[in-house]
Amino acid sequence: MTDTNILHDVDALLRQLFPICRSITGNGVRQSLDILRATAPFDVVEVPSGTPSFDWTVPDEWNVRDAYVADSHGRRLIDFQQNNLHLVSYSEPYEGTLTFDELHPRLYTLPDLPDAIPYRTSYYNRTWGFCLSQNQFDALDRNELYTVKVDTTLAPGSLTYGETFLPGKSGREFLITTYCCHPSLANDNLSGMVLLTLLLRELQARDLWHSYRFLIIPETIGALTWLAQNEEAARRVSGAYVITTVAGPGAIGFKRSFAGDHLIDRITRLTFAEAGLSVTEYPFDANGSDERQFSSPGFRIACNTICKDKYYEYPYYHTSLDNLDFAKADALVETLKLYFQAIDNLEFNRTYRSFNPKGEPMLGKRGLYPQLGGAIRQSAAGAAYGNELDAIRWLMFYSDGQTPLLDIAEKTGFPLRQLHEVAQKLVAGGLLELVG
Ligand code: ZN
């Protein structure tokens, strides 16, 4: 895939998926997953309403046919068909005629961002409501009688999520997840759904060293439900990326794991260092996305998030201004390349043992002594390859069967990709064996 093709695919997916009304359950999730599966196949799992998920229960399924507030002339003043953020997610069915004063407590605005429609949900408290811009609200006639229609269904059905498993050889497994429960909001988190799908497509085409499980789940209840149904699989996970908010115009950021120095944190930091990026590093916080579930005491999976305009941090977060003018395909591809590089670094992080631990090996007789005057090469992340003879010496020095290439990269400054490539040569030359 060329950059142009990837950019085209990202842009097409963003535009196709943005208008769909998604929530933690319902047909919008199914439709979105079907669109993504056409790019990178995965399974769709349905878990019935009422299924226990630890301390929670899979809720009734929510679907919307229509919803509006109209004036006495029948003009729709607040219209779900115009923007699905207008309806509070999980609004129960309602039909009636209300005065402004009766309607007012059901309306949500953002006075500080008067053009923006806020995003509000009420998953577990049965009610209904509408969101509108402060400007729209100010224009409402205080003496009007309003017709309200919330034509929704809230009934037993199922929670829908996407999952696939890509087997590798190392015996170690990593989890890559994102959430699919937000309606027309672009950075949070349509961008994460699209990025995960393109990452999946890339890894599906590769011969993998580690195994990877991909999940596209409704946030919180989807993570809880998957964990409750897959406790054994969850225990096999060595680390995770929780992908969210990856396509804003602002800075690249990184939320570290609860451990702070777990393998996954070190891989992420090395990836940034190799790319020459200095990024905002956010400490672990018990607030956030699905690391709240995956890192809980019963699982303690270390999770990282690489983002571009992190949730909570940008003014348009959870508003209608988080749209496709804000989150863009080129920004998403920039973040996607960092995820590609992080996965590459995970894949390269293997451990070798020297067959020649006593003293230095004689490279020349094995044809391993590097030719002089090679051109300067760059790794994919931009880090310059170092002198190959030095790389060989460090690899032979550290390869005691217990020191992974990540440690050697951190200690020596050689790009992990170069250490991987040189280690392959030393294996072929009979000097190293792969032990894990
Ligand atoms: Zn959100």
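The values are calculated or read from the model by the stated rules, or taken from the named source; none is laboratory data. All of these numbers come straight from a predicted model, not from anything done at the bench. Don't worry about glycine lacking a Cβ; one is built from the backbone with ideal geometry, like all the others, and counts go over all protein chains shown. Accessible surface is based on the protein model in full, side chains and every heavy atom, while ligands, DNA and RNA are left aside. Shrake-Rupley method; radii C 1.70, N 1.55, O 1.52, S 1.80 Å.
So the values come out like this:
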| read-out | value |
| --- | --- |
| Residues of region 163-196 satisfying the condition of being away from the ligand (no atom under 16 Å from the Cβ), of a type outside the set (D, E), part of a strand (DSSP E or B) and in contact with a Ser or Thr (Cβ under 9 Å, 6 or more places away or on another chain) | F165, L166, F174, L175 |
| All positions within region 321-350 that are assigned to a loop (DSSP other than H, G, I, E, B) and within 16 Å of S191 (Cβ to Cβ) | L321, D322, N323, L324, D325, F326, A327, K328 |
| Matching option when the condition is more than 16 Å from the ligand (Cβ to nearest atom), in a loop (DSSP other than H, G, I, E, B) and touching a residue at least 40 places away in the same chain (Cβ under 8 Å), among L159, L140, L199, L154 | L140 |
| Selection within region 220-234 - surrounded by fewer than 22 Cβ atoms within 10 Å (Cβ to Cβ) and within 16 Å of the ligand (Cβ to nearest atom) | T220 |
| Flag for F137 being surrounded by 17 or more Cβ atoms within 10 Å (Cβ to Cβ) and in contact with a strand residue (DSSP E or B) (Cβ under 8 Å, 6 or more places away or on another chain) | yes |
| Members of region 256-299 found to be in a loop (DSSP other than H, G, I, E, B) and under 19 Å from I217 (Cα atoms), listed by number | N287, G288, S289, D290, S295, S296, F299 |
| Selected residue (criterion: nearest to P218 (Cα to Cα)) from residues of region 71-83 that are out of contact with any helix residue (DSSP H, G or I) (no Cβ under 8 Å at 6 or more places or on another chain) and not in a strand (DSSP E or B) | N83 |
| Total residues in region 135-172, condition of a type in the set (D, E, K, R), touching a Gly at 6+ places or on another chain (Cβ under 9 Å) and farther than 30 Å from H73 by Cβ | 1 |
| Filtered residues of region 84-95 (kept if open to solvent by less than 20 Å² (accessible area, probe 1.4 Å) and either of a type in the set (F, W, Y) or more than 15 Å from the ligand (Cβ to nearest atom) (or both)) | H86, L87, Y90, S91 |
| Of the criteria (1) among the hydrophobic types (A, V, I, L, M, F, W, C); (2) surrounded by fewer than 15 Cβ atoms within 10 Å (Cβ to Cβ); (3) farther than 21 Å from D188 by Cβ, which one A40 fails | (2) |
| Any chance R213 is more than 16 Å from the chain's Cα centre (by Cα) and open to solvent by 10 Å² or more (accessible area, probe 1.4 Å) | no |
| Hey, F100 open to solvent by 90 Å² or more (accessible area, probe 1.4 Å), over 23 Å from L185 (Cα atoms), touching a residue at least 24 places away in the same chain (Cβ under 8 Å) and more than 16 Å from the ligand (Cβ to nearest atom) or not | no |
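Conditions tested, residue by residue: (1) of a type in the set (D, E); (2) open to solvent by less than 40 Å² (accessible area, probe 1.4 Å).
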site: D265; (1), (2): yes, yes
site: T268; (1), (2): no, yes
site: P283; (1), (2): no, no
site: S295; (1), (2): no, yes
site: K308; (1), (2): no, yes
site: Y316; (1), (2): no, no
site: D322; (1), (2): yes, yes
site: A329; (1), (2): no, yes
